[in-house]
Amino acid sequence: METTLIRCGKLFDGVKEELVPDMEILVEGERIAAVGKNLPHPEGCKVIDLSGSTVTPGMIDAHVHPDAFDNDTMFMETIFASDDWRTLGTLHTCQQALHRGFTTLRIPGTIASCSYGLADVRRAIDAGYFEGTRLVIAFRSMGTTGSHGDLTQRLHAHPLLGDLYEAAATGIANGPDEFRKAVRKEIKYGADFIKIMATGGFASPNDGPEEQHCNDDEFRAIIETAHNLCRPVTAHTYAPDLLIKLSNMGIDGLEHGALMDERAAEVLEKNGTYLVPTFCPYDEIINQDEENLRKKKPEFQRKLRAYAERLTEARKVIRQSNLTLGYGTDFVAVHQPYENGYEYSAWLRSGMDPFRALKAATSVNAKILRRDDIGQIAPGKLADISAWNRDLLTDHEALLDCAFVMKGGVVYDAVSVVGPKQK
């Protein structure tokens, strides 16, 4: 069995809130065998010197829509690109993210209409036919006709085409029985979890972030059916009342929560409902970044401006809360789906404790994904290991400057997307 000794400048193990100097990691095959100082290692062991870098577990992004080669064309491709093209886009995202130090992606639905290509990408990567990240997947988001999950919104000027597209799409349902069937079908083809489009959104043309798109009986049918089949459920949700309602219904987690208030945060904390807050999609309005804001669709810009004050206040509530926070990007504009490190920048620039952000992207996300074999540097865990050139505690661009990446004991080329740090 091949063995590798990694010498770390500093080590963050995914759990302890410290960077420990001069640690070593012994890798045997695909797993970590030992972690410590001055580790004994067999003759012929390969030695990798990362003494100038900070070593972490391989990063996990818990909210990626991967099926666009270029986010500038994502929404047009909803209608005019084949599901096969978008499956290839997913593979491309998995490859690019891996080289940037993110070894696992969680996919809460794609823009594909009826393809199960995510499962094929996962199977091909796991079989070793292609390099790429680990995948934890929901094929599509559960949503009603006309909801944020109904991508035929963009055909509103062509009702005949819209209706034809909706008839072929999976995940769009109306009524508890239809949703029960939709959940069962997702799990039948390999979904690891179920995602609900519970409300409208910011990027879509004809809905808003405070609308409730499923009725309560539909929510209960989805959650109950998934739990009966041992799958967790999360939901795209913004407004406090709906966050509270879904948490009290027993949902496992929530995505975004970008209009959170203190009342909702208290309920989620009490119920143990996790939140993946996806800061980046709202960052331009909070930080008054007009250049990047103009890169978004007019309806996206309009809604961000309308909700600017509440988005800003909600971010403070999330930061000051004791919520279980996962790390996720949700890039559909400005950044590409594999540029996962920009979310770390948003967290640190929002005043978040860097260790909270680092744990979110490692051990906390591993729990959200129900993967106890990743997210930590510890004996017995899979050898998913990344290293970074910059100071993770002070430099908000640190997760854009990858120095090393290993997945399952295999080393891949590392890619930095920022220039050398100015001394």
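Taking the alpha carbon gyration tensor of the range 59-340, what are the square roots of 5 times its eigenvalues, largest first, to the nearest whole Å?
Rounded to whole Å, the semi-axes are 25, 22, 21.
Multiplying the sequence separation of Lys16 and Met1 by 0.36 nm and subtracting their Cα-Cα distance, what value in nm do you get?
Contour length minus Cα-Cα distance gives 2.4 nm.
What nm value, rounded to one decimal, do you get for the distance between Thr145 and Phe80 when each label is placed 7 Å out toward the C-beta?
About 2.8 nm, to one decimal.
Kindly express, to the nearest 10 degrees and within the range 0 to 90, the angle between helix 117-126's C-alpha long axis and the longest C-alpha principal axis of the chain.
Computed tilt is about 10 degrees.
With springs only between Cα atoms under 10 Å, which of Leu382, Leu392, Leu229 fluctuates most in a Gaussian network model of the chain?
Leu229
Based solely on its DSSP helices, what 222 nm [θ] is calculated for the chain when runs of n ≥ 4 H residues each add -39,500 (n - 2.57) and the sum is averaged over all residues, nearest 500 deg cm²/dmol?
-9000 deg cm²/dmol
Once you place label points 7 Å from the Cα toward the Cβ at Asp70 and Arg370, how far apart are they in nm?
About 3.9 nm separates the two model spin labels.
Going by average Cβ density within 10 Å per residue, which order do the peptides 395-401, 21-27 take, highest to lowest?
Numbers: 395-401: 22.6, 21-27: 19.6.
Most protected by this proxy first, the peptides run 395-401, 21-27.
Here are some pairs, Lys16/Lys185; Lys295/Lys407; Lys10/Lys367; Lys316/Lys367; Lys195/Lys381; which of them have Cα atoms lying more than 30 Å apart in this structure?
Lys16/Lys185; Lys295/Lys407
Cross-link partners among aspartates and glutamates for Lys181, C-alpha distance below 14 Å, same-chain residues fewer than 8 apart left out?
Hits, sequence-local ones excluded: Glu218, Glu224.
Using a 7 Å offset from Cα along Cα-Cβ at Asn38, what residues in the range 353-385 end up with backbone N under 18 Å from the label point?
none
Could you tell me the relative contact order of the chain? Use alpha-carbon pairs under 8 Å, at least six residues apart, and round to a whole percent.
Taking the mean separation of contacting Cα pairs over the length of the chain, I get 20 percent.
Evaluate the charge dipole of the chain about its Cα centre and quote only its size in Debye, nearest 20, assuming +1 on the Cβ of each Lys and Arg and -1 on the Cβ of each Asp and Glu.
Roughly 400 debye for the chain.
Treat each spin label as a single point 7 Å out from the Cα along the C-beta direction, and report the Tyr189 to Val411 distance in nm.
4.0 nm
Taken together, the values in this text are just the output of simple stated rules run on the coordinates, not laboratory data. Keep in mind that what you see is a predicted model, and the values were worked out from it rather than measured. In this analysis, Cβ positions are derived from the backbone assuming ideal geometry, glycine residues included, and neighbour counts consider all displayed protein chains.
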